[in-house]
Amino acid sequence: MLAVKSKLIYTGRPEPPISNAYLCFNEETGKIVSISRKRPKCEVVAEGEVVTPAFIDAHSHIGMRRSGEPPAEEETNEKMDSVISLADALDSIYMDDKSFKESIEQGVLYSCVLPGSGNIIGGKAVVIRNYSKSTRDAFIGYAGIKAALGYNPRSTTGWKGTRPFTRMGALTLLRRALLKARNEMVLVERGKKEYEEVEPDISALFPVLRGEIKLRVHAHKIDDILALFRIKEEFGLDVTIEHGCDLHSEAAFAVIKEEKVPLIYGPIDAFPYKVELKHESWRNIEKLLRVKPFFGLMSDHPVVLQRNLFLQMRFFRRFGASKEECISILTLRNAKILGIDNVLGTLDIDKWASFVLWSGDPFSLESYPLLVYAEGKRVHEES
């Protein structure tokens with residue numbers, strides 16, 4: 001077993017950090033053994049100012065749109081049709097993307113990678129380890145199927161397949177796919193049709209209709225979010241809202257809180273390049289924090305570089321969020337939304353020993369990660 005000692009250890013829960021304590025972990029099992037103020041009977045490999053859990057990016061396209069490659073080679077969106085439920089983001093990830101190394105150096109060790117928002121249904125979202133050498137080793141699990149509303153799917157009329165020109169057209173295509181899937185599922189359940197007879201892109205939606213996996217829906221404006229809620233009620237879906245950057249009133253956030261739908265908010269530091277983002281502002285975070293729907297945070301890499309994920313926390317601090325609350329957003333909350341809080345999100349016994357040892361207060365511009373551990377293995381050391 002090994003240990004690190006720190007003046008402060010943030011557990012990932014929204015509670016004050018533990019002072020002057022040792023984090024003990026088993027490098028063979030990759031799991032945390034204890035957090036104690038008493039010196040453990042094992043090697044203390046390092047001492048530092050602050051320990052935090054590894055950060056988790058709840059929505060990105062890292063490895064699909066890659067650093068140093070021309071736009072023609074990016075693989076975020078598949079243009080062959082507007083409904084491609086079978087598509088799998090893992091199939092378009094290259095682990096040699098330089099951005100992974102830069103993320104690891106800043107303590108971002110886990111990503112949820114999704115297809116882009118050009119398609120009505122874009123395919124599977126996947127949770128990966130940023131520090132793995134291959135997609136086989138990187139794979140942790142799937143985290144829903146991506147869908148999109150608003151301007152983005154409307155902007156793809158030059159792509160192949162049936163494409164929407166209006167928001168009602170986009171909703172029509174989404175509803176059509178869900179209705180077809182529901183009808184086919186009923187026929188299969190009643191024994192009137194064999195599962196193998198169902199179109200694969202349609203049968204792939206059966207788990208969504210059963211509420212077994214989430215529909216992860218790109219939407220910025222409250223109008224599109226309300227349309228999503230209608231779809232959610234009509235089909236009994238488990239959904240998340242991805243982005244929500246145009247939300248600019250407490251009333252809008254209150255609607256989301258009332259519906260009890262998770263919001264993966266952001267990206268905060270991106271340029272508002274389209275009309276549906278005309279109300280986008282970092283000042284909307286003040287309203288988000290006043291209402292407090294259940295939310296996590298994204299980089300949407302490469303829209304905002306994943307290595308800068310933690311820097312978005314400066315706005316949350318400005319509007320009154322505590323340091324422990326800010327850290328919890330990027331750890332426990334994101335882990336809960338992605339369904340991986342059984343192994344990540346907090347520094348608890350038997351969870352993965354994935355953590356960052358900082359040179360100082362991570363909220364200070366002078367501070368940086370000294371050591372980064374992933375499942376008990378050192379993956380970065382600042383020279």
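Taking the range 38-59, which residues are surrounded by 15 or more Cβ atoms within 10 Å (Cβ to Cβ), more than 27 Å from the chain's Cα centre (by Cα) and among the charged types (D, E, K, R)?
Listed by number, the list holds a single entry, GLU49.
For GLY191, are the conditions met, namely being modelled with pLDDT of 95 or more and within 22 Å of the chain's Cα centre (by Cα)? Write out each step before concluding.
Numbers: modelled with pLDDT of 95 or more: yes; within 22 Å of the chain's Cα centre (by Cα): no.
Judged against the criteria, GLY191 is not a match.
Among the helices (runs of 4 or more DSSP H) confined wholly to the range 287-383, which include 1 or more residues that are assigned by TED's automatic domain parsing to the domain that holds LYS146 and closer than 19 Å to GLU47 by Cα?
On the way: elements: 313-318, 323-328, 334-338.
Ranges flagged: none.
Within the range 19-31, can you find the residues that are in a strand (DSSP E or B) and more than 19 Å from LEU370 (Cα to Cα)?
Residues of the range 19-31 in a strand (DSSP E or B): 19-26, 31.
Residues satisfying the conditions are ASN26, LYS31.
For the range 87-176, list the strands (runs of 3 or more DSSP E) that sit wholly inside it and hold at least 1 residues that are in contact with a Phe, Trp or Tyr (Cβ under 6 Å, 6 or more places away or on another chain); which are they?
Working: elements: 108-113, 121-129, 139-148.
Ranges flagged: 108-113, 121-129.
Go over the candidates ILE62, ILE18, ILE35 one by one and state the one that is under 24 Å from the mean Cα position of the chain (by Cα), of a type in the set (Val, Ile, Thr) and either surrounded by 15 or more Cβ atoms within 10 Å (Cβ to Cβ) or assigned by TED's automatic domain parsing to the domain that holds ALA374 (or both).
Details: ILE18 fails: under 24 Å from the mean Cα position of the chain (by Cα); ILE35 fails: under 24 Å from the mean Cα position of the chain (by Cα).
Testing whether each residue is under 24 Å from the mean Cα position of the chain (by Cα), of a type in the set (Val, Ile, Thr) and either surrounded by 15 or more Cβ atoms within 10 Å (Cβ to Cβ) or assigned by TED's automatic domain parsing to the domain that holds ALA374 (or both) leaves just ILE62.
Suppose we filter the range 208-237 for residues that are in contact with a strand residue (DSSP E or B) (Cβ under 6 Å, 6 or more places away or on another chain), within 14 Å of GLY150 (Cα to Cα) and in a helix (DSSP H, G or I); how many remain?
2
If the requirement is being free of Cβ contacts under 8 Å to residues at least 12 places away in the same chain and surrounded by fewer than 16 Cβ atoms within 10 Å (Cβ to Cβ), which of these qualifies: THR166, THR157, THR162? Outline the logic, then answer.
Details: THR166 fails: free of Cβ contacts under 8 Å to residues at least 12 places away in the same chain; THR162 fails: free of Cβ contacts under 8 Å to residues at least 12 places away in the same chain.
Only one candidate qualifies: THR157.
Determine which member of the set ASP224, ASP238 is in the same structural domain as VAL208 (by TED's automatic domain parsing) and either more than 17 Å from ILE120 (Cβ to Cβ) or at pLDDT below 95 (or both). Give the steps one after another, and end with the answer.
Values: ASP224 fails: either more than 17 Å from ILE120 (Cβ to Cβ) or at pLDDT below 95 (or both).
Sole residue among the options that is in the same structural domain as VAL208 (by TED's automatic domain parsing) and either more than 17 Å from ILE120 (Cβ to Cβ) or at pLDDT below 95 (or both): ASP238.
Any residue at all in the range 95-117 that is of a type in the set (S, T, N, Q), crowded, with 18+ Cβ neighbours inside 10 Å, more than 23 Å from TRP358 (Cα to Cα) and at pLDDT 95 or above? Walk me through it before giving the result.
Just the residues of the range 95-117 that are of a type in the set (S, T, N, Q), to begin with: 99, 103, 106, 111, 117.
Checking the rest, the ones that are also crowded, with 18+ Cβ neighbours inside 10 Å come to 99, 103, 106, 111, 117.
From what's left, more than 23 Å from TRP358 (Cα to Cα): 117.
From what is left, the residues that are at pLDDT 95 or above are 117.
So far as the range 95-117 goes, yes, one or more of its residues are of a type in the set (S, T, N, Q), crowded, with 18+ Cβ neighbours inside 10 Å, more than 23 Å from TRP358 (Cα to Cα) and at pLDDT 95 or above.
Between residues in the range 193-206 that are on the phi < 0 side of the Ramachandran plot and residues that are of a type in the set (S, T, N, Q), which pairs lie under 9 Å by C-beta distance while being six or more apart or on different chains?
Here the result reads TYR195/SER203; GLU196/SER203; PRO200/SER85; ASP201/SER85; ILE202/SER85; SER203/SER85; ALA204/SER85; LEU205/SER85, each pair linking the range 193-206 to a residue that is of a type in the set (S, T, N, Q).
Within the range 37-80, which residues are charged (D, E, K, R), assigned to a loop (DSSP other than H, G, I, E, B) and in contact (Cβ under 8 Å) with a residue 60 or more places away in the chain?
Within the range 37-80, the first condition is being charged (D, E, K, R), and the residues that meet it are 37-39, 41, 43, 47, 49, 57, 65-66, 69, 73-75, 78-79.
Applying the additional criterion that residues be assigned to a loop (DSSP other than H, G, I, E, B) yields 37-39, 41, 65-66, 69, 74-75, 78-79.
Of everything in the range 37-80, those that are charged (D, E, K, R), assigned to a loop (DSSP other than H, G, I, E, B) and in contact (Cβ under 8 Å) with a residue 60 or more places away in the chain turn out to be ARG65, LYS79.
The values are calculated or read from the model by the stated rules, or taken from the named source; none is laboratory data. As the structure is a computational prediction, the values presented were derived from the model and not from experiment. So basically every Cβ, Gly included, is an ideal-geometry build from the backbone, and we count neighbours across all protein chains shown.
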